[in-house]
1. Taking the condition of being in contact (Cβ under 8 Å) with a residue 40 or more places away in the chain and under 15 Å from the mean Cα position of the chain (by Cα), how many residues in the stretch 268-285 meet it?
2. What single numbered condition from (1) over 34 Å from the mean Cα position of the chain (by Cα); (2) modelled with pLDDT of 90 or more; (3) surrounded by 13 or more Cβ atoms within 10 Å (Cβ to Cβ) fails to hold for residue 173?
3. Please enumerate the residues belonging to the stretch 233-251 that are outside any strand (DSSP E or B), under 17 Å from residue 94 (Cβ atoms) and in contact with a strand residue (DSSP E or B) (Cβ under 6 Å, 6 or more places away or on another chain).
4. Here are 125, 91, 109: which of them is under 13 Å from the mean Cα position of the chain (by Cα) and closer than 22 Å to residue 236 by Cβ?
5. Considering only residues that are part of a loop (DSSP other than H, G, I, E, B) and closer than 19 Å to residue 139 by Cα, look in the stretch 176-212 and name the one that is modelled with the lowest pLDDT.
6. Can you find a residue that is modelled with pLDDT of 90 or more and part of a loop (DSSP other than H, G, I, E, B) anywhere in the stretch 271-285?
7. Select from the stretch 254-266 the residues that are at pLDDT 85 or above and either part of a loop (DSSP other than H, G, I, E, B) or over 30 Å from the mean Cα position of the chain (by Cα) (or both) and write down the one among them that is farthest from residue 143 (Cα to Cα).
């Protein structure tokens, strides 16, 4: 098309003229059209040839730039999304400030948050369905990297009605034995505080309701206001209006220190994930 002759094309391509002629004939046969007509010792492209030529140029341009274009696409995809798993406390208290900052630094960053149990989060990490998980952990997992990001005294309250028998007892005088004499709302499968579930089982704390997937904190607070149960809450979960009807007792003295770790798959290469973890460590230090 460019040189107007097989001989000149042969010199440029370093392919014999007969080979080029055979390729043209094979292409004409496959397409069912005539591509060139010989006019005064030159090959004159037909209209069909120009159509093929334009299509070929687009394809060739795509092939020539495939590595550069694909690299940009992959880089953008990696930089433009992050999937984070965590439980209620991590999602509502620890993660938001850092997430807000990482979004500012990565224009157009898309994110997904998953309120998983720790076991669900580990499975999602192994399947590469999430990029990073923020949980208290006490064991190692195959192919999962674990980094400490937060270490603090557990801040837990025991919420009860103002008419409850324990409402007037000093916080420091509350013991597991005293708690065990009353009906308490268990946090159930979504329990998030290290040491709490263990002590609930150890001291055989009785309960008439389980706050699990099908029961929300709002339902629990409604039961507490009616003096039907007491309930374990993480500090900060009660609103100002809640406190008009609910007394909160700080029972952190009954629980151990607790920590949070960042978990991610060992094959993770996304810079935004590493940046997020580093920033979270700094924000929580």
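The values are calculated or read from the model by the stated rules, or taken from the named source; none is laboratory data. Note that the coordinates shown come from a computational prediction; the quantities given were computed from them, not determined experimentally. So basically every Cβ, Gly included, is an ideal-geometry build from the backbone, and we count neighbours across all protein chains shown.
1. From the stretch 268-285, those in contact (Cβ under 8 Å) with a residue 40 or more places away in the chain are 268-273, 275-277, 279-281, 283-284; that's our starting set.
Restricting the remaining residues to those that are under 15 Å from the mean Cα position of the chain (by Cα) gives 268-273, 275-277, 280.
Summing the residues that are in contact (Cβ under 8 Å) with a residue 40 or more places away in the chain and under 15 Å from the mean Cα position of the chain (by Cα) in the stretch 268-285 gives 10.
2. (3)
3. 235
4. Sole residue among the options that is under 13 Å from the mean Cα position of the chain (by Cα) and closer than 22 Å to residue 236 by Cβ: 91.
5. Let us first name the residues in the stretch 176-212 that are part of a loop (DSSP other than H, G, I, E, B), namely 180-183, 187, 191-195, 203-209, 211-212.
Now restrict to residues that are closer than 19 Å to residue 139 by Cα: 191-195.
On the way: 191: 48, 192: 51, 193: 58, 194: 55, 195: 64.
Applying the filter and picking the extreme gives 191.
6. no
7. For the stretch 254-266, the residue satisfying everything is 254.
One line per residue, one yes/no per condition, for (1) surrounded by fewer than 13 Cβ atoms within 10 Å (Cβ to Cβ); (2) modelled with pLDDT under 90:
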{"site": "68", "(1), (2)": "yes, yes"}
{"site": "98", "(1), (2)": "no, no"}
{"site": "106", "(1), (2)": "no, yes"}
{"site": "115", "(1), (2)": "no, no"}
